[in-house]
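As structure tokens, the structure follows; a few thoughts come after it.
Readers should treat all values here as calculations from the given coordinates under stated rules, not as data from a laboratory. Here the structure is a predicted model, which means the values were calculated and not measured. Note: ideal-geometry Cβ built from the backbone for every residue, glycine included; neighbour counts use all protein chains shown.
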Amino acid sequence: MIDAPGFLIRLRRGALALAAVSAALFAPARADSPIIAGASDLQFALAEVAAAFKRETGQDVTLSMGSSGNFARQIRQGAPFQMFLSADERYVLDLARDGFTRDEGTLYAVGRIAVIARHGSPLRPDGSLDSLAAALAAGGISRFAIANPEHAPYGKRAEEALRHRGLWEAVRAKLVLGENVSQAAQFATSANTQGGIVAYSLALSPQLVARGTYALIPEEWHSPLRQRMVLLKNAGPVAERFFAYVKEPASRAILRRFGFVPPVDAN
């Protein structure tokens, strides 16, 4: 990973435009507006779901977006979330096993990853990553963005895909790590990098479509992104209603529009 403080500061300032909601660990909320912890790949989709929920019910939820691994750690430390939508079901199942949730929750989607590059980048995204391989071999890649694999599921899947393609060692020293996949998407479409691997749901958003091009990476190249949501022990009536709403057809349609695959075996 590169060690360039000035470069990272510039990137982080730019990331505020795309990932403002990701910055707050504990977003302020009214007593009747439960705090919902959502994985960063849901940034745009979940905002639409919450807006539709308010139109239909008149009730508010407060969204706090970030990496699933960080949220799981915060929940164990007593964070005041009432519902958790993880990008990797493992975090939910571990929390359930240790007694932090009401039950094991339910699958709400399966995610995908995509390679993305800003308009004007020398990298031309393709699902096979042939362009990335060629650019690396030619010395054309100086910085490439992914989410931090240590706590962000989409970063871990990006690492898996790069390893599958045999590019991990070649790209490793050039990585710029986002705190979450939303920040990684901002980095990947900035003028300071040649591209990155991000959530397909973010690549489909109008904000990123206007800034770059993308290509889906084969799902066989990485572990499935089985995304699970759960109510926490302190969940109140509004959180319960929102949990049920995410499973309704209107919400599923929004998720599908952002590239999320409906779970076949949701339970």
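Counting residues in the range 81-154 as N, plug N into 2.2 N^0.38 Å and put the Cα Rg over that result. Walk me through the numbers before you get to the answer.
On the way: Rg = 18.1 Å, N = 74, 2.2 N^0.38 = 11.3 Å.
Taking N as the residue count of the range 81-154, the ratio is 1.60.
Please report the antiparallel percentage of DSSP beta bridges with both residues in the chain, rounded to the nearest 5.
Details: 19 of 34 bridges.
Among the beta bridges of the chain, antiparallel pairing accounts for roughly 55 percent.
Which value, in debye to the nearest 20, gives the size of the charge dipole of the chain about its Cα centre, when Lys and Arg are +1 and Asp and Glu are -1 at the Cβ?
Details: 30 positive and 24 negative charges, 106 e Å.
The dipole of the chain has a size of about 520 debye.
Just in the range 128-178: which GluC sites (Glu not before Pro) are loop by DSSP and have at most 15 other Cβ atoms within 10 Å?
On the way: sites: 150, 159, 160, 169; in loops: 150.
Those satisfying the criteria are 150.
Check which residues have an amide H placed less than 5 Å from residue 147's amide H, if you skip close sequence neighbours.
Those qualifying (amide H under 5 Å, at least 5 residues apart or on another chain) are 155, 178.
Can you tell me what the convex hull of the Cα atoms of the range 169-264 projects to on average, as an area in nm²?
Values: hull surface 35.0 nm².
Hull-based average projected area comes out at 8.7 nm².
Straight-line reach from residue 156: which lysines fall under 18 Å, measuring Cα to Cα and dropping same-chain residues less than 8 apart?
Straight-distance partners of residue 156: 174.
Tell me the Rg and the Dmax, in Å, that the Cα atoms of the chain produce.
In Å, with Rg to one decimal and Dmax whole: 18.0, 57.
Hey, rough spin-label estimate for residue 57 and residue 244, points 7 angstrom out along Cα→Cβ, what's it come to in nanometres?
Taking the two extended label points, one gets 0.8 nm.
Report Rg(Cα)/(2.2 N^0.38 Å) for the range 111-249, keeping two decimals.
Details: Rg = 16.4 Å, N = 139, 2.2 N^0.38 = 14.3 Å.
Compactness ratio reported: 1.15.
Taking the chain as a Gaussian network, where each spring joins two C-alpha atoms under 10 Å apart, which residue of 151, 119, 164 fluctuates the most?
Result: 164 has the largest fluctuation of those listed.
Evaluate the charge dipole of the range 88-189 about its Cα centre and quote only its size in Debye, nearest 20, assuming +1 on the Cβ of each Lys and Arg and -1 on the Cβ of each Asp and Glu. Don't jump to the answer; show the numbers that get you there.
Numbers: 13 positive and 13 negative charges, 93 e Å.
Dipole of the range 88-189, to the nearest 20 debye: 440 debye.
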